[in-house]
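Worksheet: one structure, shown below.
The values are calculated or read from the model by the stated rules, or taken from the named source; none is laboratory data. Quantities reported herein were computed from a predicted structural model and do not represent experimental measurements. Just so you know, the surface numbers come from the protein's heavy atoms only, side chains and all, with ligands and any DNA or RNA stripped out. Shrake-Rupley method; radii C 1.70, N 1.55, O 1.52, S 1.80 Å.
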Amino acid sequence: WLKPVIPALWEAETGGSRARSHRDAVCHPDLQDHACGPQCLGVTILKMIEEVGAIISTWHCNSQNRDRCVATLARVEHTDFLWPMCISEVAHISAEITYTSKHSVEVQVNVMSENILTGTKKLTNKATLWYVPLSLKNVDKVLEVPPVVYSRQEQEEEGRKRYKTQKLERMETKWRNQDVVQPVLNPEPNTVSYSQSSLIHLVGPSDCTLHSFVHEGVTMKLTDKVVGIVAARHCKTNLVTASVNAINFHDKIRKDCIKTISGRMAFTSNKSVEIEVLVDANSVADSSQKRYRAANEGGSLPMPQRLPETQDEKKRFEEGKGRYLPMKAKWQGHLEPQP
C-alpha cells in the first residue's frame, strides 16, 4: 500500500517554482513482492520510485494555468541498489525536482528502509528519472514545463549538463533500434545464445493508463522477469539486483499491442553480469503499423564467465567492461567505512 505524508504533499503541490519540491511516501511491501529469499524484488522498488516521480512531476507541470497534462516517464538513469530491502521493512521514498528543461523534468529519488522493530534506517536506493508532460487533450503533444527557481546558479548549469548527457545517450540507444535477439538452436553452455530469453505479452486493459497506453511500471516489471531468467540460466543460483544502468522509453505502447521483451548478456565479471534488455511492440489491430522499439534497459545482477562468439558480442562485452570498472570503483567507495 502507499500512504502519502500530507505536509510533504502540500509542499510539492504548491512549490511549482521551487527547485527543492519533494514528496515522501511510506509503503509496506506485500509478501508477493519478494524474491526467492527475504528481499523485495528490484522491480517492486523501481515501481514505487516511478510512481512517486510521476506524481511530483505531474503536480509541477500543472502548477500554472495552462493545458492540463500528465507526466510520462522517458528515462530512468543509473539506479543503485545499495542495500536490499526485506519483507516487513517500511520504505520511505523522497523525490526532488532538480532540473527542468523546456520539455522535460529531472527528478532525483532516494529510498530509505526502516526496520519497524529496531528503528534502524538505511539508504537502499538512489535514482534519477526524466519525465515529459503530455497533453490530456492530445497525448502526442508534449507541453512546455514551468521553470523552477534555483538557490544557486551552479545548480542550473549542472542540471543542463546532465540533460545534454542523457539526451545523447538516448540518441545512441535509438541508433541501435535495429538490434534483434535471434534464437539459436542447441547453443553451447556459458555463451550469450545459451542464456538469452524472450517473453511475449499481449497488452490488456489492466496494463494501461486511462489513455490506453501501457504504464511504464508494467514494462519494467516484465523486463525484470526476463533479466531474472537470463541470469538464472547462466548462473544457476539465487540472484539479487545490484544496479540498473539505464532504461530508455522511446515510444508509447498502446493497448492490444504485442510486446516482445528479449534479454541477453552483455558482460560478465567474476561476481556480476550485465544484461541488456530490448522491448519491441507491434499492433494487432492496426496491420499498417510496423514493429517498433519501445524501450531498452541495461541491468546488472550478481558467476561463470560468458564466452563472446560473434563480433557484435565481443563489442558489447568491451562496452560492458567500460561501464563495469567505473561502477565497481563507485561501489567500493560506498562500502568503505566513512571516517
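Using heavy atoms of the protein chains and a probe of 1.4 Å, the accessible area assigned to residue 78 is about 50 Å².
Would you mind giving the average projected area, over all directions, of the Cα convex hull of the range 54-206 in nm² with one decimal?
Values: hull surface 58.3 nm².
The number I arrive at for the range 54-206 is 14.6 nm².
Annotation: amide H of residue 191 within the under-5 Å range of 307, sequence separation 5 or more or interchain, hydrogens built in the peptide plane.
Surface composition of the range 81-215: carbon and sulfur make up 54 percent of the accessible area, probe 1.4 Å. Ligands, DNA and RNA are left out, and with a 1.4 angstrom probe the accessible area of the range 196-280 is 40 Å² per residue. Under the rule a/c < 1.5 gives rounded, and otherwise a/b versus b/c splits prolate from oblate, where does the range 92-142 land using the Cα gyration tensor? Prolate, since a/c reaches 1.5 and a/b exceeds b/c.
Expressed as a rounded percentage, what relative contact order does the range 53-172 have, with Cα pairs under 8 Å and six or more residues apart?
Details: 230 pairs, mean separation 34.4, N = 120.
Once normalised by length, the contact order is 29 percent.
3J(HN,Hα) along the range 167-173: 5, 5, 5, 5, 4, 5, 5 Hz, from the Karplus curve 6.51 cos²θ - 1.76 cosθ + 1.60 with θ = phi - 60°, whole Hz, x for Gly and Pro.
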